[in-house]
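Taken together, the values in this text are just the output of simple stated rules run on the coordinates, not laboratory data. Model, not experiment: these values are computed from the prediction. Cβ coordinates were reconstructed from backbone atoms using ideal geometry, including for glycine residues, and neighbour counts include every protein chain displayed.
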Amino acid sequence: MVAPNDTLKGERLVDLTFEPVTKVQLYKEIAERIIAKINNSELKPGDKLPPERELAVLLGVSRTAIREALRSMEMMGFIQSRVGGGTFVRRVTVENILQPLSGVLSGDERLIAELMEVRYLLEGEIARLAALRASTTDVERMELALEAQKTAIISGDIGLESDTLFHENLAVAAKNLALEKITLLCRDLLTASRKAALENMDDVGDTIAHHQAMIHAIKSGDANLAEASMHFHLNEAYKNVTKARD
């Protein structure tokens with residue numbers, strides 16, 4: 001499916017030349033070579049790639065290897081396929097690259113555990129800034145997310161969706177666009193770590209108390225307490241995530 005901001009205008013079919021590929025993992029080198037042409041602007045957003053058959057001849061490889069390379073490039077956000085229309089170069093953005101990568105990495109158990117250390121640094125600062133900058137509306141959004149999580153837990157669910165919403169609202173409250181973007185771009189990874197932590201809590205209701213403590217600190221404008229509350233929350237989450245791996 002073509003995203004609205006990826007509308008292709010004035011399709012340009014480019015004549016390309018490649019050196020034959022000789023490595024064992026062919027699809028990786030094929031992808032690297034095509035990506036290099038995108039990076040140096042030999043291939044531009046909207047350009048139509050040659051058909052698989054022609055690329056196979058140009059690179060001296062099988063069509064299967066070409067297909068695998070194109071599939072990996074599409075997952076990375078460099079190209080997009082249009083049914084019956086061919087394969088086109090996408091406008092490369094941070095979102096195009098990080099979102100699919102985040103989805104792939106979210107299945108890595110070791111990475112999920114180690115991500116907790118990154119969250120400790122990232123979300124501790126988010127909580128601290130939120131205590132200094134959050135508006136009344138920001139606090140109300142966090143409280144609504146917390147109420148939704150309570151309802152979900154009472155119904156027997158772990159409340160993952162509302163837990164994620166709480167943390168994303170907290171990132172917005174920090175009033176730092178870079179932190180907010182990082183949080184949203186890494187949504188799949190962060191959600192995977194939250195899911196692992198919630199699923200292994202002895203009492204999933206404990207997370208409600210953690211979030212309430214953060215809201216209290218933020219409403220009080222106490223940056224140090226907000227950061228400490230987040231760190232306590234994430235330390236407990238880390239214990240649950242690593243417990244699942246043991």
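For this structure, a couple of remarks:
- Relative exposure of HIS210, HIS167, judged by other C-beta atoms within 10 Å (fewest first): HIS210, HIS167
- Cβ-based exposure ranking for MET116, MET75, MET214, in which fewest neighbours within 10 Å come first: MET75, MET116, MET214
- Each part gets one Cα centre, and for the range 55-84 versus the range 175-231 those centres are 40 Å apart.
- Violating pairs (Cα-Cα greater than 28 angstrom) within the set LYS37/LYS195; LYS150/LYS175; LYS181/LYS243; LYS48/LYS181: LYS37/LYS195; LYS181/LYS243; LYS48/LYS181
- Kirkwood hydrodynamic radius of the range 97-245, from inverse mean 1/r over distinct Cα pairs, in Å: 15.1 Å
- This ranking places LEU177, LEU198 by how few other beta-carbon atoms lie within 10 Å of each, fewest first, which gives LEU177, LEU198.
- At R0 = 35 Å, FRET efficiency that the Cβ-Cβ distance of LEU177 and ALA36 yields, to 0.05: 0.65
- In the calculated pair-distance distribution of the range 191-246, the portion above 18 angstrom amounts to 34 percent of the Cα-Cα pairs.
- Considering the range 171-219, its Cα convex hull presents a mean projected area of 3.9 nm².
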